[in-house]
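The values are calculated or read from the model by the stated rules, or taken from the named source; none is laboratory data. The structure displayed is predicted, hence computed values, not measured ones. Note that we place each Cβ from the backbone using ideal geometry, even for glycine, and neighbour counts take in every protein chain shown. The accessibility values were calculated without ligands, DNA or RNA, using every heavy atom of the protein model including side chains. Shrake-Rupley method; radii C 1.70, N 1.55, O 1.52, S 1.80 Å.
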Amino acid sequence: MSEEMQYEYLVPLEKYLSAGVRLGTRLSNKYLEDRGFIFAVRPDGLRIFDIKKIDERLKIAAKLIARYQPDRILVHTTRPYGFKPVQMFCKFVGCKSLTGRFIPGTLTNPNLPHYQEADLLFVVDPRLDAQAVAEAAKMGIPVVALVDTDTPHQYIDFMIPCNNKGRKSLALIFWILARQVLRERGELKPDQDLPVPPEEFETRLVQT
């Protein structure tokens, strides 16, 4: 049996594919290419992530996140499709969520009413969440980030390559991470799932 056949994914491969987790952009940076995160380029120029690499990084990220006190973890996104996944992740993991605009000084100025203390920052998109990343770097707070094929990597301590823009992709990524963090903590058995499916992590489209 080949090594690929023996590898055990956190969710079935089909689930990753249907959620579009491996879809990147038409641009990429050499930093991500050199780390083998980008698997192929489609004829239309779209970069494709290596799903096994995504899965491996999710496993490592869960171990990392599980080492921190939940209330000392801040998860931030300014991307609307990330609001519900982040909030659901924090609900299960017990960490703090900050969705929407990041007010300058949130991590650096204790005199501000919205000041937050954190030992770990987790962001959905380092480009959109640049203010939070910069403040974390200034304060020496490690940063975990979801990164697309063209995402800047400065100040990111641990990258999870994936489609960090899609509604279904973000829902599945945060569902997997929530489940895996709880498994790492021993709050879920190794074969136990969350009580809700990945669809419950999805941001609902507003019907007009």
In region 52-78, what residues are open to solvent by 10 Å² or more (accessible area, probe 1.4 Å), touching a helix residue (DSSP H, G or I) at 6+ places or on another chain (Cβ under 8 Å) and closer than 21 Å to TYR115 by Cα? PRO70
Quick test for you: out of GLU4, GLU8, GLU14, pick the one residue that is out of contact with any Asp or Glu (no Cβ under 6 Å at 6 or more places or on another chain), open to solvent by 30 Å² or more (accessible area, probe 1.4 Å), modelled with pLDDT of 85 or more and in a helix (DSSP H, G or I). GLU14
More than 15 Å from LEU17 (Cα to Cα), in contact (Cβ under 8 Å) with a residue 12 or more places away in the chain and among the β-branched types (Val, Ile, Thr) - does that describe any residue in region 164-179? no
Please go through region 79-96 and pick out each residue that is among the small types (Gly, Ala, Ser) and either touching a His at 6+ places or on another chain (Cβ under 7 Å) or within 13 Å of ASP129 (Cβ to Cβ) (or both). GLY82
Can you give me the number of residues within region 99-119 that are loosely packed, with under 13 Cβ neighbours inside 10 Å and of a type in the set (Val, Ile, Thr)? 0
With LYS91, LYS96 as the choices, which residue is among the charged types (D, E, K, R), touching a Leu at 6+ places or on another chain (Cβ under 8 Å) and either farther than 22 Å from PRO197 by Cα or open to solvent by 20 Å² or more (accessible area, probe 1.4 Å) (or both)? LYS96
Given the condition modelled with pLDDT under 95 and aromatic (Phe, Trp, Tyr), answer yes or no: does some residue in region 62-80 qualify? no
Got at least one residue in region 173-195 being of a type in the set (Val, Ile, Thr), under 12 Å from the mean Cα position of the chain (by Cα) and not in a helix (DSSP H, G or I)? no
Would you confirm whether or not region 156-166 contains a residue that is in contact with a helix residue (DSSP H, G or I) (Cβ under 6 Å, 6 or more places away or on another chain), over 17 Å from CYS95 (Cβ atoms) and surrounded by fewer than 21 Cβ atoms within 10 Å (Cβ to Cβ)? no
Which strands (runs of 3 or more DSSP E) sit wholly inside region 70-146 and have at least 1 residues that are more than 15 Å from LEU170 (Cβ to Cβ) and among the aromatic types (Phe, Trp, Tyr)? none
Condition check for ASP148: of a type outside the set (Ser, Thr, Tyr) and surrounded by fewer than 20 Cβ atoms within 10 Å (Cβ to Cβ): no
